[in-house]
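As structure tokens, the structure follows; a few thoughts come after it.
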Amino acid sequence: MATGFFTDTTICIGCKACEVACKQWNELPSDGFEFSGDSYDNTGSLSGTTWRHVSFVEQLSPEPAGAEDRWLMMSDVCKHCTHAGCMEACPTGAIIRNEFNNVFVQPDICNGCGYCVVSCPFGVVDLIAKVNEPRHADYNDATLNQEREHTSQTALQGSGGVAAKCTLCYDRQKIGMVPACAKACPTESIQFGEIEELRERASKRVEALQERGLPAYLYGAGNEGSVGDLNAFFLLIDKPEAYNLPAEPVLPSTRQPAGYVSAALTAALLTLLGLAVFKGAK
Amino acid sequence: MQAKERGSKIIHVDPRYTRTSALADLYVPIRSGTDIAFLGGVINWVLQNERYFREYVCAYTNASHILTDKFQDTEDLDGLFSGLDEPPRVSDSLPSVVMYDRRTWKFEREGNSIKSDPTLQHPRCVFQILKRHFSRYTPEMVESICGAPREKFLEVCRALAENSGRERTTAFAYALGWTQHNTGVQYIRTAAILQLLLGNVGRPGGGIMALRGHANIQGATDIATLYDLLPGYLPMPSALRHEQTLAGYLKNHTKRTGWWVNTPKYVVSLLKAFYGDAATKENDFCFDYLPQISGDHSELPTMFAMKDGAVKGYFVIGQNPASSVQNAELARAAMERLEWMVSIDSFETETASFWNREGVDPSTVGTEVFFIPAATVLEKDGVMVNTNRMLQFHDKALEPQGASKSDAWFLYQLGKKLKALYAGSADAKDRPILNMTWDYEHEDDRERERGEPSVNKIMQEINGYYTATGDQVKGFTELADDGSTAAGGWIYSGVCPDKHTNLARSRTGGSGVSLGWGFAWPANRRLMYNRASADPDGNPWSERKKYIWWDATSGRWTGADVPDFPIEKAPNTPADPNAGGIEAHSGADPFMMQIDGRGALFVNEELQDGPIPVHYEPLASVTPNLLYKQQHNPVLRQWKRRDNPYNGAVNPEYPYVLTTYRITEYSGGMTKHIPWLAELQPAAFCEIDPVLAAEKRIRNGDWATISTAVGEIEVRALVTGRIKLLSIGSGERVHQIGVPYNFGRLGFAHGDTSGDLIPLSMDPNCSIHEAKALTCNIRAGRRPRRDAATDPIDLDVPEKERTSEGKAMLHGTYHDFPHENPTCG
């Protein structure tokens, strides 16, 4: 059985309950308190400590009758790709596909090398400090500052960090519970379920919206490029780039043959050049 | 969203383009503070284009009632009603209070009957007066007052008319953007008039929904946290109204006709619940134990009195006035004049630590502050009453942290300690405390040991019981005025119909109105005045909108809900104007609580500031009133003091509209202590349009300082096209600035509070402050800091500026006061 998320952005109300529910269930710390000035989005992007992230896309003019006015909201999450870049890059086997067909990082096996971070075409995976204690129980300014230091990227490089991202609430699924974000979503913008059934439901929804004249389509359900279908896919009404999603996500390994060839060619050329130089020196 | 998916059209009218606007079918921008002009415009359009629901209006509203010839409308007096004498009548003790003499706002009577014209043609009938009153609210006028594009306004009018009538209904939902105004009550009145004209009251899918600011605001009002109410919307006795005896009180507050003929039953039962066996017929059921109000003791006047030294002690339970009230610095300075303050909260609030703030040397503050840690909602049993009047019980999910206790524990133990302190006293003045029924010992041993009271027992007392047997009453119709019943809050009667049942706990869902889920007062009725969902003959207005109807075979009202009508009173029952109570209503008068059984398009004496709503500009406005000579609500309360300065009308120093609101991420000012919420909105900010930002050289994300006559705050600027550029009048551009109010000095998301910008001024009906329609200026950069050493806060206000409430409290002099009639009940 494969499970996943269908996120219908047309009924997202931007309440960010998913972000909070995710952090609460997974005992993730806040990422700090910086004002971004980027619409109502102050958490910026998915990270090792933000596994659901609601982006706000303002497409408005200040004219009172702005006919084209839109404020798009979209709850982003790990895509749990069919061909997962992070999994391919992982040298320790820490990233696996679990019994629900979700891409899962085993924190106890991860050595914090960070190869997965650069191999994710969506920029989802991130490193965080290895912390076993739940960190929000006695929150105060002191623990907060400590945490900020812990999570700052420079402190993490090569210091026993661990890759972290959405687990699709593996622990909840194992006991038959719906993942925290989907459970908290008040409008069912985030739907959890068996992937085949979700796709079916999603295509019906697309048809219905298209009948109403909305340019709705599914992102990640039509075999997008080399990453294959996404187990967390989205219903969008603008081009993927508007939501900060790659139009054609590319699995880094697909670039490997070309990389090897160019490396071999470079090596050959350099050898020839070296020979030529040495010859000349004689 | 579900309604929208099922085909409902969602319209959002708001000064800002919000998340709600993004999901709505139609967004209409509006200048803050002009909703009465907008709704008045819709009313005018509905009347001029004959789009009202004529049968409903004729049968169920007071449209046909005829006014006396003494009544003069704003059309006659350029923005004023009759009754405002020249010079205006003011109170002896309160020179700033101007009041209407409301005796001319009455219907003409013939004996006990109100004169009426069923053809609605009489020039002094409510319908014609309404038509004339709103005739100047044309679409052109709406556009130039509100700044809402005319085409969008007309689209709203058409949508409302198309979605009302026999087959369809329209609902209004509002929040504090409608209430927190100097004309707040009249905002809701305007919507009520429109909904009555469209036939959308008492019918499924209709109505006007108040979206409350907090989870249990409805319950707090029901069981009377307001100074002028007793539980169940019974007025507090007043020293100013000749009601020092039970008979005097009942005379003032028992209506001859309509449901309020039952007032004595509810009052006597309440006194029996309060004072138990000590309350007897002979001693007026201890009526004289009740405190008598002697003026306006609501929050705003009390704050001034506190600042002037007339208040010694202050309990603050789950509130944070130092951060979330208007003129917050006045509140903080007022607390310096207290002898003691008790703050009960889950977090240390700005109020509990008001003494430790910018510009103040803590060593100079003499107030003794007690901070009592409070359990959160998950850590205690209790009941929430939501906006559709539904009681839902919640069980304690985990033990309170550390030393924190429930609020109920605090009050119960305080009561017990007071009783112990007064034990043995023979002094008459101590009897109210000694005779107070105060036995809520918990059923559970462990909880009892901790001193927690039993919420169940409290609810059973509120529900009511027979004093002889102790058995629960099954509903308020069983309550009596002879002392044989007791009930702590008559409107909740029926929630605990026996000792083993608490309907607030019931969780039977199901389709339709789900009568098995929770308990909605009164009598588990989900839709009030639902007799109006059937036509005068008792048949549903349409199959599609079928709800409650008359079943002629069984001779009863029946349907999806609990009928809000005497169950066997046939639709053709004639009214008997000489009878009392609801016998005076016919079988086709749905509005049982009203004297005449009709929906009030026109109110008589219930409101202080007019029988029909009028568009006035807010006290601080960027424009003259385009409709009348009268600029602002003539009877609003204001306090002209140096610590409460006003921007004034059309002041070029404050050229921008300022509005405040909360944001989704926070509930009031307390949730900024939760890091997961604080990271979502980490700093106090303002929302401004790109044109103003460019003009003022404020870049997105930069600091900006907003100023009013009251003070300055610094916030981060969010420059956005969601704030619309409006044109009003003959094309003058209006910039609006929005500031969320949720911030303060403490918590993970810090920032100045919008409360430091707003002077106190007050609606005359229910003492609500103005916090939504104001003016301000803005500049780039941060504000200067205040230094306690060089610029200490001046606590003293000259004697002549002090408010009369404070003086009255200090010197015990009470004279005349606006509250000669109960208002907000």
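Nothing in this text is a laboratory measurement; each read-out follows from the coordinates by a stated rule. Only a predicted model underlies this, so the values are computations on that prediction, with no experimental measurement involved. So basically every Cβ, Gly included, is an ideal-geometry build from the backbone, and we count neighbours across all protein chains shown.
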For segment B:135-248, what value does the Rg/Rh ratio take when both radii are computed over Cα atoms and Rh is the Kirkwood radius, given to two decimals?
-> 1.10
For segment B:297-447, size of Cβ-based charge dipole, Lys and Arg +1, Asp and Glu -1, in debye = 460
Partnerless Cys - chain A, beta-carbon criterion under 4.7 Å = A:CYS12, A:CYS15, A:CYS22, A:CYS81, A:CYS90, A:CYS110, A:CYS113, A:CYS120, A:CYS169, A:CYS185
Counting only DSSP beta bridges with both residues in the protein assembly as shown, tell me the antiparallel percent, nearest 5.
-> 65
FRET E, pair A:GLU194, A:ILE96, Förster distance 25 Å, beta-carbon r, rounded to 0.05 = 0.80
Output the pairs from B:LYS272/B:LYS417; A:LYS174/B:LYS4; B:LYS70/B:LYS131; B:LYS251/B:LYS457; B:LYS131/B:LYS569 with a Cα-Cα distance over 29 Å in this structure; if there are none, say none.
-> A:LYS174/B:LYS4; B:LYS251/B:LYS457; B:LYS131/B:LYS569
Given that compact globular proteins tend to follow 2.2 N^0.38 Å, what is the ratio of the alpha-carbon Rg of segment B:9-201 to that value?
-> 1.12
Please work out how much length the chain gains when fully extended from A:SER203 to A:ARG255, using 0.36 nm per residue of separation minus the C-alpha to C-alpha distance, in nm with one decimal.
-> 15.5 nm
Peptide B:17-24 - average C-beta neighbours from other chains (10 Å radius) = 5
What is the Cα convex hull volume of chain B when expressed per residue in Å³?
-> 173
Go ahead and collect, in residue order, the members of segment B:753-772 whose backbone nitrogen is under 17 Å from a label point 7 Å along the Cα-Cβ direction of B:GLU801.
-> B:757-761
Per residue, the convex hull enclosing the Cα atoms of segment B:98-153 spans a volume in Å³ of 140
Summing -39500 (n - 2.57) over every DSSP H run of at least 4 in the protein assembly as shown, dividing by its residue total and rounding to the nearest 500, the 222 nm mean residue ellipticity is -7000 deg cm²/dmol
Any idea which of B:PRO784, B:ALA683, B:ALA771 is furthest toward the positive side of the dipole for segment B:637-784, if Lys and Arg beta-carbons carry +1 and Asp and Glu beta-carbons -1?
-> B:PRO784
Please grab the % of Cα pairs in segment B:172-224 that end up more than 17 Å from each other.
-> 45
Give, in nm to one decimal, the length gained when the segment between B:THR558 and B:GLN413 is fully stretched (0.36 nm per residue of separation minus the Cα-Cα distance).
-> 47.5 nm
Ranked highest first by average number of other Cβ atoms within 10 Å, how do B:754-762, B:221-229 line up?
-> B:754-762, B:221-229
Phi to ³J(HN,Hα) by Karplus 6.51 cos²θ - 1.76 cosθ + 1.60 over segment A:65-76, Hz, x for Gly, Pro = 9, x, 5, 8, 4, 8, 10, 7, 10, 8, 8, 8
At 4 °C and 1.567 mPa s, what whole-number value in µm²/s does Stokes-Einstein give for the translational diffusion of segment A:3-250, with Rh from the Kirkwood sum over Cα pairs?
-> 69
FRET efficiency, 1/(1 + (r/R0)^6) with R0 60 Å, evaluated for A:MET177 and A:PHE278 via beta carbons | 0.30
Mark the label point 7 Å from the Cα of B:ARG150 along Cα→Cβ and return the residues of segment A:33-68 whose backbone N is within less than 20 Å of it.
-> A:63-67
With point charges of +1 on the Cβ of Lys and Arg and -1 on the Cβ of Asp and Glu, referenced to the Cα centre of segment A:3-250, which listed residue (A:LEU72, A:ASN244, A:SER203) lies farthest in the positive direction of the dipole?
-> A:SER203
Would you be so kind as to identify all helices of chain B, as entire DSSP H runs, whose Cα atoms reach 15 Å or more along the helix's own axis and whose mean Kyte-Doolittle hydropathy is at least -1.0?
-> B:35-48, B:150-162, B:184-198, B:263-275, B:407-422
Hand me the GluC sites (Glu not before Pro) from segment B:146-188 located in a DSSP loop with no more than 16 other Cβ atoms within 10 Å, in residue order please.
-> B:GLU167
Classify segment B:637-784 as rounded, prolate or oblate from the Cα gyration tensor: take a ≥ b ≥ c as the square roots of its eigenvalues, call it rounded if a/c is under 1.5, otherwise prolate when a/b beats b/c and oblate if not.
-> oblate
List the DSSP H helices in chain A whose Cα atoms stretch 20 Å or more along the helix axis and whose mean Kyte-Doolittle hydropathy is at least -0.5.
-> A:256-281
Starting from segment B:689-785, pick out the trypsin sites (Lys or Arg not before Pro) whose DSSP state is loop and whose Cβ has at most 11 other Cβ atoms within 10 Å.
-> B:ARG697, B:ARG785
Segment B:9-201 - charge dipole about Cα centre, Lys and Arg +1 at Cβ, Asp and Glu -1, debye rounded to 20 = 440
With charges only on Cβ, +1 for K and R and -1 for D and E, what is the dipole size of chain B about its Cα centre, in debye, rounded to 20?
-> 1720
Full extension between B:ALA403 and B:ASN651 adds, at 0.36 nm per residue less the Cα distance, a length in nm of 84.1 nm
Placing each pseudo-label 7 Å from Cα in the direction of the beta carbon, B:MET436 and B:LYS281 end up separated by a distance in nanometres of 2.9
With point charges of +1 on the Cβ of Lys and Arg and -1 on the Cβ of Asp and Glu, referenced to the Cα centre of the protein assembly as shown, which listed residue (B:LEU636, B:MET384, B:TRP557) lies farthest in the positive direction of the dipole?
-> B:TRP557
Could you tell me which GluC sites (Glu not before Pro) in segment A:1-74 are loop residues by DSSP with no more than 14 other beta carbons within 10 angstrom of their beta carbon?
-> A:GLU27, A:GLU34, A:GLU68
Taking the simple approach of a point 7 Å from Cα along Cα-to-Cβ for both B:ASP702 and B:LEU211, what is their distance in nm?
-> 3.4
Using a cut-off of under 18 Å, list every residue of segment B:602-646 whose amide N is near the label point 7 Å from the Cα of B:ARG256 along the Cα-to-beta-carbon line.
-> B:604-606
Restricted to segment B:9-201, the DSSP antiparallel beta bridge percent, nearest 5, is 65
Starting from the eigenvalues of the Cα gyration tensor, five times each then square-rooted, give me the equivalent ellipsoid semi-axes of segment B:326-473, largest first, whole Å.
-> 33, 22, 16
To the nearest 0.05, how large is the calculated FRET efficiency for A:ALA268 and A:LYS239 if R₀ is 35 Å and r is the Cβ-Cβ distance?
-> 0.25
Taking the alpha carbon gyration tensor of the protein assembly as shown, what are the square roots of 5 times its eigenvalues, largest first, to the nearest whole Å?
-> 54, 35, 33
Could you work out how far apart the two model spin labels at B:ALA159 and B:ILE10 are, taking each label as a point 7 Å from the Cα in the direction of the beta carbon, and quote it in nm?
-> 1.1
